[in-house]
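Reading through the structure tokens given below for one structure.
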Amino acid sequence: MLDETSSQTPPSSAPHKRRPRYAGKYPRQFQEKYKEHQPARYAETVAKVLASGKTPAGTHRPIMVAEMLRALAPQPGGIAVDCTLGFGGHALELLGRLQPGGRLLGLDADPVELPKAEARLRALGFAENVFTARRFNFAGLPQALAEAGLSGADIILADLGVSSMQLDDPGRGFSVKNEGPLDMRMNPQRGQPASAFLQRLRPEALERLLLENADEPRAAPLAAALAGKHFPTTTALARAVAAALPRLRKEDCDLAIRRVFQALRIAVNDEFSALETFLRHLPACLNAGGRAAVLTFHSGEDRRVKKSFEAGRREGVYEDISGEVVRPGPEERRANPRSTPAKLRWARKARQAVG
């Protein structure tokens, strides 16, 4: 006689795991926004977030796309490099215009986001012979081109902004929006986090960084209060900035906090040095008549790009450059407030070698 239980399905060893619930009516934490992390499944929710002028969690909205395309004028069969691939939004716009016969090399130093962007573009049908992704800081552009078997490019784009994926993820430590470790590294596998960097700084060194990297008018008192101290989290640093400026209005205090974070991020990632190296190598990486465009987000970056392009035009390396800085239009600024500080400059390499 068969056992009565032999025909029953044995209980699963792995019970169903419910989705974590969040407090309140709407999710507030990055990890809780499961609908925004699945745009294909929850398109209506994502559309509502976009309509409100916000960026859905885990995504990024490419800035000044139309202006970038006008500056770079991609043509079928062209070779392009997106030096800061990010979410892949600019790359996608370029890839569609480079076909048939074109190719895009996408570079990014971020080992967390680069595989996601590559998978996203692969899923849209861009194979290896059309789109190649490589983990490189844009300062290594000549080496990246050589490894890809390219002698030069017709189009080179660099978007110097921190991506929304990096800003919104508290685990990356770029923003005070949510508490997270004070890290700020574009490549978490290299260098030291911002917490360790700040703890090693002397007040005079931090004061210089706040002035040079963020134009912070209260650099001296902030440097005295923050240098050499250990702040393990983003919110701990923000509270210390506020405590150092007790008489400041909240709006001005919030600006000071953002400038402190900006100055530290630039220093931790050696961003100005990387930009200067990129600009120095840029002309040699462009084919004759090739075009370059750089999107910047604060004055220190924009000054360096402007001076480099102007010097290149005086020397005959560039035959034309943007006369005035290009900014996002009012409609884009309303729809995507993160685009507000963006500035675009472009340059076109001379068609004839300088004699």
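List of remarks:
- When the stretch 104-125 is limited to residues that are surrounded by 23 or more Cβ atoms within 10 Å (Cβ to Cβ) and without any contact (Cβ under 8 Å) to a residue 40 or more places away in the chain, the one that is farthest from the chain's Cα centre (by Cα) turns out to be Leu104.
- The stretch 184-204 residues that are farther than 9 Å from Asn269 by Cα, paired with ones that are surrounded by fewer than 16 Cβ atoms within 10 Å (Cβ to Cβ) and aliphatic (A, V, I, L, M) (beta carbon under 6 Å, 6 or more apart): Pro203/Ala224
- Subset of the stretch 163-187 [under 16 Å from Arg258 (Cβ atoms), part of a loop (DSSP other than H, G, I, E, B), within 17 Å of the chain's Cα centre (by Cα) and of a type in the set (S, T, N, Q)]: Ser175
- Any hit, the stretch 122-137, residues being within 30 Å of Val241 (Cα to Cα) and not acidic (Asp, Glu): no
- Leading residue by the ranking (farthest from Phe138 (Cα to Cα)) among those in the stretch 106-115 that are in contact with a Phe, Trp or Tyr (Cβ under 8 Å, 6 or more places away or on another chain) and not in a loop (DSSP other than H, G, I, E, B): Gly106
- Among (1) surrounded by 22 or more Cβ atoms within 10 Å (Cβ to Cβ); (2) β-branched (Val, Ile, Thr); (3) over 27 Å from Glu212 (Cα atoms) - the single one Val317 does not satisfy: (1)
Condition check ((1) among the aromatic types (Phe, Trp, Tyr); (2) not assigned by TED's automatic domain parsing to the domain that holds Leu286) across all residues:
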site	(1), (2)
Leu141	no, no
Asp169	no, yes
Arg172	no, yes
Pro193	no, yes
Phe197	yes, yes
Leu201	no, yes
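- A single member of Ser322, Ser308, Ser273, Ser299 is of a type in the set (Ser, Thr, Tyr) and either farther than 21 Å from Gly161 by Cβ or at pLDDT below 95 (or both), and it is Ser299.
- Residues within the stretch 188-221 that are small (Gly, Ala, Ser), in a helix (DSSP H, G or I) and either surrounded by 19 or more Cβ atoms within 10 Å (Cβ to Cβ) or at positive phi (or both), tallied: 4
A quick yes/no check of all residues on (1) farther than 26 Å from Ala342 by Cβ; (2) touching a residue at least 24 places away in the same chain (Cβ under 8 Å):
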site: Pro232; (1), (2): yes, yes
site: Leu255; (1), (2): no, no
site: Val268; (1), (2): no, yes
site: Ala284; (1), (2): yes, yes
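- Tally, over the stretch 342-354, of residues that are closer than 18 Å to Asn287 by Cα and outside any loop (DSSP other than H, G, I, E, B): 4
- Any hit, the stretch 144-162, residues being out of contact with any Phe, Trp or Tyr (no Cβ under 6 Å at 6 or more places or on another chain), not in a loop (DSSP other than H, G, I, E, B) and not assigned by TED's automatic domain parsing to the domain that holds Ala80: no
- Subset of the stretch 267-289 that is surrounded by fewer than 23 Cβ atoms within 10 Å (Cβ to Cβ) and either among the aromatic types (Phe, Trp, Tyr) or in contact with an Asp or Glu (Cβ under 7 Å, 6 or more places away or on another chain) (or both) - its residue that is farthest from Ala350 (Cα to Cα): Phe272
- Taken together, the residues in the stretch 59-95 that are assigned to a helix (DSSP H, G or I) and not β-branched (Val, Ile, Thr) amount to 14.
- Residues in the stretch 296-341 that are touching a Ser or Thr at 6+ places or on another chain (Cβ under 7 Å) and in a helix (DSSP H, G or I): Asp302, Val305, Glu332, Arg333, Arg338.
The values are calculated or read from the model by the stated rules, or taken from the named source; none is laboratory data. Nothing here was measured: the structure is a model prediction, and the numbers come from that model. Ideal geometry is used to build each Cβ from the backbone, glycine not excepted, and the neighbour counts take in all protein chains shown.
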